[in-house]
1. If you check every pair at least six apart or on different chains, which have Cβ atoms under 9 Å apart with a residue in region 335-357 that is under 14 Å from GLN307 (Cα atoms) first and a residue that is among the acidic types (Asp, Glu) second?
2. When LYS346 is evaluated against the numbered criteria (1) closer than 30 Å to ILE185 by Cβ; (2) open to solvent by 20 Å² or more (accessible area, probe 1.4 Å); (3) not β-branched (Val, Ile, Thr), which criterion, by number, is the only one it fails?
3. State all residues of region 173-197 that are hydrophobic (A, V, I, L, M, F, W, C), in a strand (DSSP E or B) and under 23 Å from ILE53 (Cα atoms); if no residue qualifies, say none.
4. I'd like to verify a number: residues in region 76-108 that are at pLDDT 80 or above and over 21 Å from ASN125 (Cβ atoms), how many?
5. Residues being surrounded by 22 or more Cβ atoms within 10 Å (Cβ to Cβ), within 16 Å of GLU325 (Cα to Cα) and charged (D, E, K, R): count how many of those fall in region 234-277.
6. Would you call LEU297 outside any loop (DSSP other than H, G, I, E, B), open to solvent by less than 50 Å² (accessible area, probe 1.4 Å) and touching an Asp or Glu at 6+ places or on another chain (Cβ under 6 Å)?
7. Just wondering, is there one or more residues in region 192-205 that are surrounded by fewer than 14 Cβ atoms within 10 Å (Cβ to Cβ), more than 22 Å from GLU262 (Cα to Cα) and in contact (Cβ under 8 Å) with a residue 12 or more places away in the chain?
8. Any idea which of (1) open to solvent by 10 Å² or more (accessible area, probe 1.4 Å); (2) out of contact with any Gly (no Cβ under 9 Å at 6 or more places or on another chain); (3) closer than 21 Å to ILE53 by Cα is the one PRO159 doesn't satisfy?
Amino acid sequence: MKLAITVVLAILSFPLFGNDGVYLTRGGLIYPTKETKIALNKEILSFTVSAGICQVNIHFEFNNPENLERKLLIGFQAPAATGDVPDEMNNINQIFNFCILKDEQILPYKIKMAECEDCELKEMNELRFSQFSLGVFVYLFDVTFKPGINKINHSYSFPASSNVSIDQFYSYILTTGAKWANGKIKDLTVQVDMGANKYFYVSDIFGQKADWSIIGSGKVTGKRFDYGEDTGRMVRIISGKLQIGIKDFNPAHNIEFGIINEDSFISTPTDWKEIKIDNIIGLSRLTLEGNYSKEELKLLRNTVYAQYGYAFKSKDLQDYFSQFEWYMPDPNLAMEHIVLTEKENKFIAEIVKKEKE
C-alpha cells in the first residue's frame with residue numbers, strides 16, 4: 001500500500017486492501033488471470049467508516065454470455081500489517097466479518113497464507129510473518145456463474161492505516177476490475193460515508209467524465225493535494241456521504257481515501273503555501289506549541305467552532321474563515337448547540353487561560 005507523503009517509516013500502518021480477481025491454481029500456487037468472457041457489468045462499492053473501522057459492501061453484477069455454467073476460483077488477498085508494529089500484529093489478519101453471497105447463499109471459503117502474491121499457498125500455521133518477512137492472507141472461494149446476469153454481494157471490515165502525514169487512510173484495489181472481459185467496469189458507483197462533520201480526501205482517479213455528488217449536505221471542494229502518483233480531492237460533509245458515478249471505466253489506479261488530520265481541517269498537505277507565509281494557522285494536534293499572539297490564539301480557538309459550521313458575527317472572523325472551502329457557516333447553529341469533544345474542551349480552556357495572561 002502506498003504511504004502518502006511519507007518521508008520516514010510509518011509509526012503505524014495496516015496496509016489493508018482487497019484484491020478480488022480470477023485465479024488459477026497450479027501445485028499450490030495461485031496466479032491472477034484475465035477473464036475473457038465474463039464481464040463486470042455493474043459494481044456498487046460502498047465504504048462506511050466509524051471509529052477507525054471501515055465497513056466495505058460491494059454489489060457485483062457479472063454477465064456470463066455463454067449458455068453453459070462456468071465455475072471460477074476467486075481469490076481475495078489481504079497483505080499483512082507493515083510498519084513499526086510487533087510481529088504478533090504481522091500475523092493477525094486484519095480483515096474481519098468477511099462474507100460472500102451468491103443467489104442469497106453464503107459461499108464457503110478457505111484462508112491460506114503466502115509469502116508473496118504469487119507464492120505457494122500454505123496453511124495458517126505453516127508461516128510466520130515479521131517486519132522483515134511480510135506476506136499475504138488469501139481467501140479462496142469458488143463461484144459458479146450461470147448464463148446471463150449473476151449478482152454477488154461481498155462484505156468485510158478492516159481498521160484504518162496511518163502514517164506520519166495522514167491520521168487515517170483506507171485503500172481498495174480497483175484495478176482487478178480491468179481483468180474481467182472487455183477490461184472495463186461498465187457501470188461503477190463508489191460511495192464514501194466518513195460520518196457527520198468531516199473533511200476528507202478521495203483519490204481523484206476517475207477522470208473528467210465522473211460525476212462527484214453529495215447525498216445529503218456538503219460539497220466536493222476544488223482543493224487537491226498530491227500524494228505519491230495520485231491526487232487527493234477534498235470533500236466536505238456536514239451529513240450524508242459522497243457518491244461517484246462513472247460509466248465504461250477502465251480502472252488504472254486504486255482507491256484511497258482518508259482523513260489527513262483528525263483535529264484540524266487545516267493541514268500541511270492541503271494548505272502548505274498559506275501556512276508557510278503565515279497567512280493561516282492550523283490546530284495541529286490540539287496542543288499549544290510555542291508562543292502565540294493574542295490574535296493567533298483567537299483564531300485557534302475559533303477554528304474549533306468554524307469546523308462545526310458556526311456563523312461568526314464579527315467581520316474579521318468571517319473574512320478569515322471564508323477563505324477555506326471547508327467552511328460552511330450555518331446561520332441556524334447556536335454556540336450552545338455545539339457539542340465539543342473532551343479534547344477540544346481542554347484545548348479551548350488552555351487557550352482562554354493564555355488569553356487572560
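1. Going by the 9 Å Cβ cut-off, the qualifying pairs are GLU344/ASP263.
2. Among (1) closer than 30 Å to ILE185 by Cβ; (2) open to solvent by 20 Å² or more (accessible area, probe 1.4 Å); (3) not β-branched (Val, Ile, Thr), the lone unmet condition for LYS346 is (1).
3. VAL190, VAL192
4. Selection size over region 76-108: 10.
5. 1
6. Considered against the rule, which asks whether it is outside any loop (DSSP other than H, G, I, E, B), open to solvent by less than 50 Å² (accessible area, probe 1.4 Å) and touching an Asp or Glu at 6+ places or on another chain (Cβ under 6 Å), LEU297 comes out as yes.
7. Scanning region 192-205, I find no residue that is surrounded by fewer than 14 Cβ atoms within 10 Å (Cβ to Cβ), more than 22 Å from GLU262 (Cα to Cα) and in contact (Cβ under 8 Å) with a residue 12 or more places away in the chain, so the answer is no.
8. Every condition holds for PRO159 apart from (2).
The values are calculated or read from the model by the stated rules, or taken from the named source; none is laboratory data. Keep in mind that what you see is a predicted model, and the values were worked out from it rather than measured. Positions of Cβ are backbone-derived with ideal geometry, glycine not excepted, and every protein chain shown enters the neighbour counts. Quick note on the areas: whole protein, heavy atoms, side chains included, nothing else; ligands and nucleic acids left out. Shrake-Rupley method; radii C 1.70, N 1.55, O 1.52, S 1.80 Å.
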